[in-house]
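Input: a single structure, listed below in structure tokens.
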Amino acid sequence: MDAPMAEPQARRLLVDLAGSLFARGYSVGSAGNISVRLADGYLITPTNSSLGRLDPLRLSKLDRDFRHVSGDAPSKEVFMHRAFYTARDDAGAVVHLHSTMATAVTCLPELDAVNPLPPLTPYFVMRIGKRLPTVPYYRPGNPQMEPAIQNAARVARAVLLANHGPVVSGRSLVDAVNAAEELEEASKLFLLLRGANPRLLTAAHVDDLLKTFG
Ligand SMILES: [Zn+2]
């Protein structure tokens with residue numbers, strides 16, 4: 001994890017990155033939520049807020065035990081973020097989207113629970129890594145989803161939630177947003193090439209990338 005940012009800068013950057021994701025169609029309506037680790041807790045987007053219309057001063061502030069301390073009430077999906085922070089010391093920020101292409105992949109009947117997306121490009125491997133576990137479908141709000149995500153997050157920087165969307169962690173806010181965008185691009189390529197016989201990166205290519213950039 002990168003050293004936590006000062007809170008005023010983190011508030012501003014979270015709102016700017018969320019607005020950029022919304023403007024480019026990565027999130028619609030009130031879907032999606034973003035959090036960042038601070039020195040004394042976390043910031044997360046409020047419940048029912050739109051990523052396109054956030055107010056830096058109304059972001060939900062949580063303490064280190066994820067208790068709400070100030071700002072608007074936190075996203076109802078806060079437990080997805082908690083699952084990543086408690087599973088991964090290197091997680092400095094978490095981005096959850098219902099972005100179209102990655103969500104489409106989570107609905108495929110033949111979804112490979114271990115490697116749903118093949119290694120098509122080096123950028124996907126560098127940003128997401130070797131593993132992208134799939135967490136089975138849970139009704140939103142089902143408390144069993146948190147331990148399921150936590151287990152998956154112990155071995156991966158990102159997970160796909162079946163019939164729901166991706167949850168992606170990064171060492172910093174910018175890192176997590178970049179990884180979420182790369183996952184969406186990889187999903188788009190995968191869907192474009194579905195039924196074709198694309199040339200994939202080999203296991204040696206993947207290992208070389210992870211050794212160099214992992
Ligand atoms: Zn969601």
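The values are calculated or read from the model by the stated rules, or taken from the named source; none is laboratory data. Computed from a predicted structure; not experimentally measured. No Cβ is skipped: glycine too gets one built from the backbone with ideal geometry, and neighbour counts run over all protein chains shown. Surface areas here come from the heavy atoms of the whole protein model, side chains and all, with no ligands, DNA or RNA. Shrake-Rupley method; radii C 1.70, N 1.55, O 1.52, S 1.80 Å.
Table for the structure above
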item: Among residues of region 144-183, those that are away from the ligand (no atom under 15 Å from the Cβ) and in a loop (DSSP other than H, G, I, E, B), counted; result: 7
item: Qualifying residues in region 82-113 (those that are more than 13 Å from the ligand (Cβ to nearest atom), assigned to a helix (DSSP H, G or I) and farther than 23 Å from residue 67 by Cβ) - the one least open to solvent (accessible area, probe 1.4 Å); result: 105
item: Subset of region 29-53 that is surrounded by fewer than 22 Cβ atoms within 10 Å (Cβ to Cβ) and hydrophobic (A, V, I, L, M, F, W, C) - its residue that is modelled with the lowest pLDDT; result: 31
item: Residue pairs meeting the criteria (Cβ under 7 Å; at least 6 apart or on separate chains; first within 16 Å of residue 103 (Cβ to Cβ), in region 173-193; second among the polar types (S, T, N, Q) and buried (at least 18 other Cβ atoms within 10 Å of the Cβ)); result: 184/99
item: Count of residues meeting criterion [free of Cβ contacts under 8 Å to residues at least 60 places away in the same chain, out of contact with any Ser or Thr (no Cβ under 8 Å at 6 or more places or on another chain) and either closer than 21 Å to residue 80 by Cβ or surrounded by 15 or more Cβ atoms within 10 Å (Cβ to Cβ) (or both)] in region 3-19; result: 4
item: Residue match in region 44-58 (condition: in contact (Cβ under 8 Å) with a residue 24 or more places away in the chain, touching a strand residue (DSSP E or B) at 6+ places or on another chain (Cβ under 6 Å) and away from the ligand (no atom under 16 Å from the Cβ)); result: no
item: Test: residue in region 72-81 that is away from the ligand (no atom under 14 Å from the Cβ) and outside any loop (DSSP other than H, G, I, E, B); result: no
item: Residues of region 153-173 satisfying the condition of being open to solvent by 70 Å² or more (accessible area, probe 1.4 Å), on the phi < 0 side of the Ramachandran plot and in contact with a helix residue (DSSP H, G or I) (Cβ under 8 Å, 6 or more places away or on another chain); result: 154
item: Test: residue in region 130-137 that is away from the ligand (no atom under 14 Å from the Cβ) and aromatic (Phe, Trp, Tyr); result: no
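So that you can scan it fast, the table gives a plain yes or no per residue for (1) within 16 Å of the ligand (Cβ to nearest atom); (2) more than 13 Å from residue 176 (Cα to Cα); (3) within 15 Å of the chain's Cα centre (by Cα):
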| site | (1), (2), (3) |
| --- | --- |
| 2 | no, no, no |
| 10 | no, yes, no |
| 16 | no, yes, no |
| 20 | no, yes, no |
| 23 | no, yes, no |
| 29 | yes, yes, no |
| 35 | yes, no, yes |
| 38 | no, yes, no |
| 41 | no, yes, no |
